[in-house]
Amino acid sequence: MDTQIELQISDLPNLPNGKLIKFVGDLDATNVESTLDQVTRLIREGYVNMVADFSNLRYVNSTGLGILLHFSKTSREKGGRFRIANVNDNVYEIIEIIGANTLLDIYESVNDAIASFSQT
Amino acid sequence: MKITQQVSPFDDKIVLLHFEGDLNATDCKQTSVLFQEIIDSKRYFIMAIMEQVTFISSPFLGELMGCKLRLVEKGGNLVIVGLNYDQREKLIMMGADHIFKFYPDTHTAYNQFQWDYNDGVQILQLTVPPKMHVVPAMRRLISGIARQKGYSSKDAFRIETIVDEIANNAIEHGDKTQADIDLELRIGKTKVEVLIRNKTSTEKVRNLENAVSQGQQAIQQDSTRGRGLALVKLISNAIDVSFDNNGTFIRITKNRGDG
């Protein structure tokens, strides 16, 4: 049985081509493929401005971080941004140790992340 | 009251005192003398075995407290083992559970003694199939044990990460014909060791050596993969890789509370 991860996807009405994705659970090697499929589908559909809410993401490993970097890179290539908010301390520490904090756009809150789109 | 005395067959620093019957105020003097003899013999750990005790008077409880105090001053302890439900409830109502540790049996008390005083290491051995889907349960189990053993949330998270990355690596890069992966957790008061053994091809072994030796360099590369072992190296205190005819053997040490 894979680790449970649920992506709760909702619209961001004030952000063109925007989607809010709430990650719930653990992001690890058992579920990166399904996560990759869901987010890649959104990018393919033109939703290139994404805010990932990590308030309920308990755990992420190096494989999970790999696909987050991939989302960031892909959305940028399509003219958008993949931004992350509400990262818990343990997850942030892993992101920081791996050096991904310099590659990912991380914000304190979902509102901050959404607001940042109007500044770019 | 009847008391019989025995030095523990497991550790000669421990004295087992078997109490029987009613422990009345009139038994205090005899018991006090016995406690002093034990302390004079430079044995500072007493397990008071009370399976056969039917009553504990308040003065006798006071005597036990006094003895405990003398033992603690010497770096030792007195614990209560096997007390029946009624007597235990009575002692709890008197607040004695804030002073004494109660154990159901000598085995449990001995394990705790090893943990508290001998830097005892408790070992968990797991043999799992080389399938990714078994890893989450395994890593959460080990993280949970670390929390239960008093490691901080941060340490437990790092230990969970170590187990996850190292197990995923063994599965992903292991010989496809390998039957099982052996994982051992050695958890002590000051450090945790995770040991994993699996079958790996020679070519993969070289890659593994490179990944371990690169550390931070490996994770600066603009790649979505290959960060796992480098991450483990950065969040652990030591990582050793060795190889023999039985496969690859990785030992990771994570000290407690250093980050």
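Things worth noting here:
- Residue in segment A:113-120 that is over 17 Å from A:K22 (Cα atoms), more than 14 Å from chain B (Cβ to nearest Cβ) and β-branched (V, I, T) present: yes
- Qualifying residue in segment B:198-207 (condition: within 22 Å of A:D28 (Cβ to Cβ), modelled with pLDDT of 75 or more, crowded, with 16+ Cβ neighbours inside 10 Å and more than 10 Å from chain A (Cβ to nearest Cβ)): yes
- Residue tally, condition assigned to a helix (DSSP H, G or I), of a type in the set (A, V, I, L, M, F, W, C) and modelled with pLDDT of 95 or more, over segment A:70-106: 2
- Here A:R58 meets the list (1) farther than 24 Å from B:S143 by Cα; (2) part of a strand (DSSP E or B); (3) among the charged types (D, E, K, R) almost entirely, failing just condition (1).
- A:L36 being under 30 Å from B:P130 (Cα atoms), within 14 Å of chain B (Cβ to nearest Cβ) and buried (at least 20 other Cβ atoms within 10 Å of the Cβ): no
- Number of residues in segment A:32-61 that are in contact with a strand residue (DSSP E or B) (Cβ under 8 Å, 6 or more places away or on another chain), of a type in the set (S, T, N, Q) and within 15 Å of A:K73 (Cβ to Cβ) equals 1.
- Taken together, the residues in segment B:214-259 that are charged (D, E, K, R), modelled with pLDDT of 85 or more and not in a strand (DSSP E or B) amount to 2.
- Residue within segment B:108-128 that is farther than 17 Å from B:T253 by Cβ, out of contact with any strand residue (DSSP E or B) (no Cβ under 7 Å at 6 or more places or on another chain) and within 14 Å of another protein chain (Cβ to nearest Cβ) present: no
- Segment B:159-180, residues that are more than 8 Å from every other protein chain (Cβ to nearest Cβ), within 26 Å of the chain's Cα centre (by Cα) and surrounded by 21 or more Cβ atoms within 10 Å (Cβ to Cβ): B:I159, B:I162, B:V163, B:I166, B:A167, B:A170
- Test: residue in segment A:78-88 that is more than 18 Å from B:L231 (Cβ to Cβ) and within 14 Å of chain B (Cβ to nearest Cβ): yes
- When residues of segment B:129-142 are limited to those that are more than 25 Å from B:T190 (Cα to Cα) and more than 8 Å from chain A (Cβ to nearest Cβ), the one nearest to the chain's Cα centre (by Cα): B:V134
The values are calculated or read from the model by the stated rules, or taken from the named source; none is laboratory data. Note that the structure is predicted; figures quoted are calculated from it, not measured. As a convention, Cβ positions derive from the backbone with ideal geometry for all residues, glycine included, and neighbour counts pool all protein chains shown.
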